[in-house]
Amino acid sequence: MRRAGILLLFALILSACGGGGGGTSTTPAGTPKTGGTLKIAQETEINTLDPNTSGLLVEREIYYNLYDSLLGIDAKLNFIPELATAWKYTDDKTLVMTLRKDVKFQDGTAFNADAVKFNLDRYMTSTDPAAARKSDLGSVQSVEVQDPATVVIHLKRADATLLAAFVDRAGMMLSPTALQQLGSKVAQTPLQAGSGPFEFVEWKRDDHLTLKRNPDYWRKDKAGHQLPYLDQIIYRPLIDLNAILASLKTADVDMARTVAGKDVDAVRSDSTLVYKATPSLGYQGFELNVSAPPFNDPAKAKAVALAVDRAQILKNVILNNGVVSYGPITPASWAYDPSEKIYDKPDPDKAKATATGFSFTLKTANTQDSIQTGQLIQAQLAKAGITVNLLPEDFGKLTLETRVQHQFDAALTGWSGRIDPDGNMYAFWHTGGSFNDGRYSNTQVDQLLEQARATTDQAKRKQIYQDAQKVVAADAVYVFVYDPVVAQISTKKVQNFTLIPDGINRLAEVWKS
Amino acid sequence: MVEYITRRLGLMVPTAFLVTVAVFLLIHLTPGDPATVILAESYTPEAGAKIHQDLGLDKPLPQQYLLYVGRLFHGDLGRSVRNKLPVTQAIGERLSATLELGFAALIWSLLIAIPLGTIAALRRGRALDVVASGLTVAGISVPNFVLGILLILFFGLLLRVLPVGGFVALGESVPDNLSRLIMPAIALGTFGTASNMRFTRSSMIEVLNQDYIRTARAKGAGWWQVVNRHALKNALIPVVTIVGLQVGAILEGALVTETVFGWPGVGKLAVESIFSKDFPVVQGIVLLSALSFMFANLVVDLVYAWLDPRISYS
């Protein structure tokens with residue numbers, strides 16, 4: 001309650017003193033300047049510096065500047081070379097990767113095929129209860145070192161999603177020497193463990209985490225200058241969104257990923273700040289439990305989907321900082337289908353004709369945005385004669401009741417999104433999927449999702465995902481509401497920053513004027 | 001005296017025991033599951049069950065409690081669920097920041113409260129007294145987080161003379177440390193300032209009306225000497241009680257102030273641990289907070305005897 005009070009009051013104060021002047025959403029070009037410290041606000045503190053046990057977005061943010069992955073992505077989510085210069089499926093179950101020969105970890109250990117095998121084996125055989133990479137690499141049978149610059153990954157089954165996993169934490173390479181010396185300390189103090197643009201210096205929990213320039217980083221800019229440009233990065237966890245905004249305004253931090261939705265317009269018009277946004281890979285909406293009444297009746301699920309006014313929620317909850325969502329594949333993805341607009345406009349009459357006069361409980365997280373969304377849905381469905389009982393809950397309890405116990409009628413949940421469409425669909429709507437809270441089961445969807453995993457041709461995969469998405473959206477097992485944007489807010493001093501839809505700041509080429 | 005201290009220390013054991021039971025039950029009654037925090041988006045029922053097993057959460061509650069108390073006797077407060085650090089280390093790393101803030105707040109409160117309270121008592125009913133009393137009402141009424149936000153708004157965002165938050169260790173840079181300390185110390189200390197001033201004032205008025213003050217004056221002692229040597233020392237006894245309790249409550253006040261200012265102390269750790277269901281850390285902090293309160297009480301009682309020789313413990 002007190003915290004809510006703080007937020008509210010601060011919100012009023014900050015909105016009262018919002019700056020004027022013309023805003024800009026582009027970063028001015030110029031000659032890169034070497035040196036300087038970049039201070040970044042993170043909206044939560046991280047738990048670990050070991051990619052093996054990582055589960056948070058804010059952790060990936062730091063890892064991408066500390067460790068290199070086998071593959072990278074560009075702003076359009078195309079795979080680009082990173083530690084691997086080339087990759088090729090020689091058959092459905094064999095992936096051959098050619099590695100860079102000029103990379104050394106920060107402790108001097110050479111990066112080569114042995115290091116790749118060491119890292120992937122560590123992820124796959126970890127006994128840590130929080131080990132999270134095992135499932136990412138679930139399709140990998142074994143890793144073979146062909147020569148120092150070639151590694152062959154043998155698969156148990158065809159898996160087109162593996163390349164995307166290699167962009168993320170499952171593809172992050174740490175020095176085998178450092179891992180052996182550090183043991184479990186790698187989660188706290190990964191000294192010289194990476195090969196990335198920056199090295200770990202210190203982590204004072206809940207206060208700051210400092211990285212310094214890696215002078216031997218292997219990448220150079222287009223003009224041949226050594227990267228990175230910055231001397232130092234300091235991450236500061238600031239859990240209060242209003243504190244983040246205050247720190248940006250006073251240049252106490254240079255950059256942040258998020259401010260409160262209500263402040264976005266003020267930030268855009270603040271002449272001292274730069275606001276950049278791009279469609280994200282994630283979506284927001286609510287899932288329906290189709291394994292129990294009332295939604296084991298497909299007509300009732302469809303009636304709900306027909307009656308929801310997505311545009312109204314988008315406008316009122318996140319002030320149009322996103323787009324209406326029609327399915328799990330967002331405009332940021334290569335598999336996006338702009339023609340799929342089922343349940344585009346609310347149609348309470350058609351909803352009434354489909355099913356009416358029933359009630360259900362909508363569980364939401366105990367946050368302002370979630371409760372507000374729930375209230376709007378409640379009012380919208382009332383027009384179709386459907387009664388919604390709102391039940392805000394602690395997030396942990398909500399997760400327990402949906403994911404473990406499947407005890408819910410409907411629950412407001414979202415997903416941050418993954419680079420590969422599989423990460424936005426398979427676990428949620430494949431029969432028995434680990435995130436299939438509503439126990440949806442549709443043979444056609446199962447077949448399509450499996451087929452997409454076994455197909456390496458991207459054009460074919462795109463079509464398969466679009467077909468699967470149509471079925472999932474039409475069945476209204478999940479009512480898609482909006483796709484938020486990913487944003488980056490910085491002071492004008494921050495230059496040459498590229499915003500990628502995965503929302504992670506990569507800072508090797510960023511400099512400060 | 002030694003017997004008294006021993007008895008008081010002995011009484012702390014059952015109190016601390018009750019605190020552990022209350023905290024343990026409260027935390028386990030709150031909804032939520034640390035496994036969802038640890039695993040976040042990687043959460044699956046299987047992975048969650050593994051975490052429960054690892055943390056011992058799959059055992060019955062009484063057994064969990066006995067294991068906890070058993071470890072307590074060995075000085076082991078457990079390990080943080082969030083980052084696996086020993087709780088003693090997690091709290092220890094933050095204690096210096098909280099103590100620095102707490103004592104700065106206390107110094108701020110005493111430097112203002114005692115002189116102002118004394119003057120208000122001496123000028124009772126006059127303009128200065130009315131203004132000072134008005135200020136104390138304001139100081140007591142405004143919650144520290146509201147004051148903190150107003151300070152940030154005024155000195156941080158409008159005048160831009162002080163940083164809006166964060167922390168720089170004393171060892172790194174003294175000016176940076178102090179500039180970040182000023183606002184949270186004022187925000188945290190102002191409530192104490194107001195109440196200390198009220199106590200100083202009323203106690204001083206009471207003492208000034210005593211016979212021995214009149215006697216001292218009659219014997220020819222100067223007004224200032226009477227105030228300083230005879231009245232103030234006696235008037236401060238109730239203030240000592242309040243200040244002692246304020247020392248014990250430093251952690252409590254720090255919860256909100258540290259969060260508003262991003263001051264990385266035990267209070268901020270407590271708030272973050274509550275949000276992330278890091279129950280071993282929350283238990284550790286509450287236990288520490290209760291113990292510091294009990295010790296502060298004991299110290300206050302002992303200081304009484306020093307201030308007022310008529311009080312003796314046996």
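In the stretch A:324-339, is there at least one residue being in contact (Cβ under 8 Å) with a residue 40 or more places away in the chain, surrounded by fewer than 21 Cβ atoms within 10 Å (Cβ to Cβ) and among the β-branched types (Val, Ile, Thr)?
Initially, the stretch A:324-339 is screened for residues in contact (Cβ under 8 Å) with a residue 40 or more places away in the chain, giving A:324-335, A:337.
Those still in the list that are surrounded by fewer than 21 Cβ atoms within 10 Å (Cβ to Cβ) too: A:324, A:331, A:334, A:337.
With the extra rule that they be among the β-branched types (Val, Ile, Thr), the set shrinks to A:324.
Scanning the stretch A:324-339 turns up at least one residue that is in contact (Cβ under 8 Å) with a residue 40 or more places away in the chain, surrounded by fewer than 21 Cβ atoms within 10 Å (Cβ to Cβ) and among the β-branched types (Val, Ile, Thr).
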For the stretch B:258-308, which residues satisfy the criterion of being among the acidic types (Asp, Glu) and either part of a helix (DSSP H, G or I) or away from chain A (no Cβ under 14 Å) (or both)? B:Glu258, B:Glu272, B:Asp301, B:Asp308
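From the list A:Ala427, A:Ala411, exactly one residue is over 23 Å from A:Ala75 (Cβ atoms), within 14 Å of chain B (Cβ to nearest Cβ) and without any contact (Cβ under 8 Å) to a residue 12 or more places away in the chain. Which is it? Before you say what the answer is, go through the steps one by one.
On the way: A:Ala411 fails: without any contact (Cβ under 8 Å) to a residue 12 or more places away in the chain.
The match here is A:Ala427.
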Every residue from the stretch A:110-136 that is farther than 16 Å from A:Val186 by Cα, at pLDDT 95 or above and either within 14 Å of another protein chain (Cβ to nearest Cβ) or part of a loop (DSSP other than H, G, I, E, B) (or both): A:Phe111, A:Asn112
Matching residues, the stretch A:243-265, being surrounded by fewer than 22 Cβ atoms within 10 Å (Cβ to Cβ), small (Gly, Ala, Ser) and not in a loop (DSSP other than H, G, I, E, B): A:Gly261
Count - residues of the stretch A:201-259 that are charged (D, E, K, R) and farther than 16 Å from B:Trp263 by Cβ: 12
Tell me which of these B:Gln53 doesn't satisfy, since it passes every other one: (1) within 14 Å of chain A (Cβ to nearest Cβ); (2) touching a helix residue (DSSP H, G or I) at 6+ places or on another chain (Cβ under 6 Å). (2)
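Kindly indicate whether any position in the stretch A:63-79 is among the hydroxyl-bearing types (Ser, Thr, Tyr) and within 14 Å of chain B (Cβ to nearest Cβ).
First pass over the stretch A:63-79, keeping only residues among the hydroxyl-bearing types (Ser, Thr, Tyr): A:63-64, A:67, A:69.
Pick out the ones that are also within 14 Å of chain B (Cβ to nearest Cβ) and you get none.
No, the stretch A:63-79 contains no residue that is among the hydroxyl-bearing types (Ser, Thr, Tyr) and within 14 Å of chain B (Cβ to nearest Cβ).
Could you look through the stretch B:146-190, keep only residues that are closer than 30 Å to B:Lys233 by Cβ and in contact with a Ser or Thr (Cβ under 8 Å, 6 or more places away or on another chain), and pick out the one that is nearest to the other protein chains (Cβ to nearest Cβ)?
Of all residues in the stretch B:146-190, those closer than 30 Å to B:Lys233 by Cβ come to B:185-186, B:188-190.
Among the residues that remain, those that are also in contact with a Ser or Thr (Cβ under 8 Å, 6 or more places away or on another chain) are: B:188-190.
Working: B:Leu188: 15, B:Gly189: 19, B:Thr190: 16 Å.
Result: B:Leu188.
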Please count how many residues of the stretch B:241-271 are at pLDDT below 80 and not β-branched (Val, Ile, Thr). 6
Do any residues in the stretch A:51-67 that are farther than 13 Å from A:Ile233 by Cα and buried (at least 24 other Cβ atoms within 10 Å of the Cβ) have Cβ atoms under 8 Å from those of residues that are hydrophobic (A, V, I, L, M, F, W, C) and at pLDDT 95 or above, where the two are at least six apart or on different chains, and which pairs are they? A:Pro51/A:Ala170; A:Pro51/A:Met172; A:Pro51/A:Leu174; A:Tyr67/A:Met172; A:Tyr67/A:Met173; A:Tyr67/A:Leu174; A:Tyr67/A:Ala193
Yes or no: the stretch A:446-467 includes at least one residue that is within 25 Å of A:Ala351 (Cβ to Cβ) and assigned to a helix (DSSP H, G or I). no
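Out of B:Val281, B:Val286, B:Val256, report the one residue that is under 30 Å from B:Met1 (Cα atoms) and touching a residue at least 60 places away in the same chain (Cβ under 8 Å). Give the steps one after another, and end with the answer.
Working: B:Val281 fails: under 30 Å from B:Met1 (Cα atoms); B:Val256 fails: under 30 Å from B:Met1 (Cα atoms).
The conditions single out B:Val286.
Name the residues in the stretch A:143-160 that are within 20 Å of A:Asp102 (Cα to Cα) and of a type in the set (A, V, I, L, M), would you?
Initial filter on the stretch A:143-160 (within 20 Å of A:Asp102 (Cα to Cα)): A:145-152.
Passing the criteria: A:Val145, A:Ala149, A:Val151, A:Val152.
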Taking into account only those residues within the stretch A:178-204 that are out of contact with any Lys or Arg (no Cβ under 8 Å at 6 or more places or on another chain) and in a loop (DSSP other than H, G, I, E, B), which is nearest to the other protein chains (Cβ to nearest Cβ)? A:Gln188
Please find, within the stretch A:385-426, the residue that is surrounded by the fewest Cβ atoms within 10 Å (Cβ to Cβ) out of those that are aromatic (Phe, Trp, Tyr) and outside any strand (DSSP E or B). A:Phe395
Considering only the stretch A:293-309, I want to know if a residue exists there that is in contact with a Pro (Cβ under 8 Å, 6 or more places away or on another chain) and in a strand (DSSP E or B). no
Please verify whether the stretch B:57-77 includes one or more residues that are over 23 Å from the mean Cα position of the chain (by Cα), within 12 Å of chain A (Cβ to nearest Cβ), of a type outside the set (Phe, Trp, Tyr) and at positive phi. no
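When residues of the stretch A:435-470 are filtered for being touching a residue at least 24 places away in the same chain (Cβ under 8 Å) and not β-branched (Val, Ile, Thr), how many remain? Steps first, please.
Just the residues of the stretch A:435-470 that are touching a residue at least 24 places away in the same chain (Cβ under 8 Å), to begin with: A:435, A:437-440, A:442, A:444-445, A:449, A:452-456, A:458, A:461-462, A:465-466, A:468-470.
In the following step, the residues that additionally are not β-branched (Val, Ile, Thr) were identified as A:435, A:437-440, A:442, A:444, A:449, A:452-454, A:458, A:461-462, A:465-466, A:468-470.
Residues flagged as touching a residue at least 24 places away in the same chain (Cβ under 8 Å) and not β-branched (Val, Ile, Thr) within the stretch A:435-470 amount to 19.
Results for (1) in contact with a helix residue (DSSP H, G or I) (Cβ under 9 Å, 6 or more places away or on another chain); (2) assigned to a helix (DSSP H, G or I); (3) crowded, with 20+ Cβ neighbours inside 10 Å; (4) at pLDDT 90 or above, shown as yes or no for each residue.
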position	(1), (2), (3), (4)
B:Leu181	yes, yes, yes, yes
B:Pro184	yes, yes, yes, yes
B:Thr193	yes, yes, yes, no
B:Ile205	yes, yes, no, yes
B:Tyr212	yes, yes, no, no
Quick count over the stretch A:430-452, residues being more than 14 Å from every other protein chain (Cβ to nearest Cβ) and crowded, with 21+ Cβ neighbours inside 10 Å, is 6
Which count do you get for residues in the stretch A:326-367 that are in a loop (DSSP other than H, G, I, E, B), among the hydroxyl-bearing types (Ser, Thr, Tyr) and closer than 23 Å to A:Leu391 by Cβ? 2
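The values are calculated or read from the model by the stated rules, or taken from the named source; none is laboratory data. Fair warning: this is a prediction, and the values are worked out from it, not measured in the lab. Positions of Cβ are backbone-derived with ideal geometry, glycine not excepted, and every protein chain shown enters the neighbour counts.
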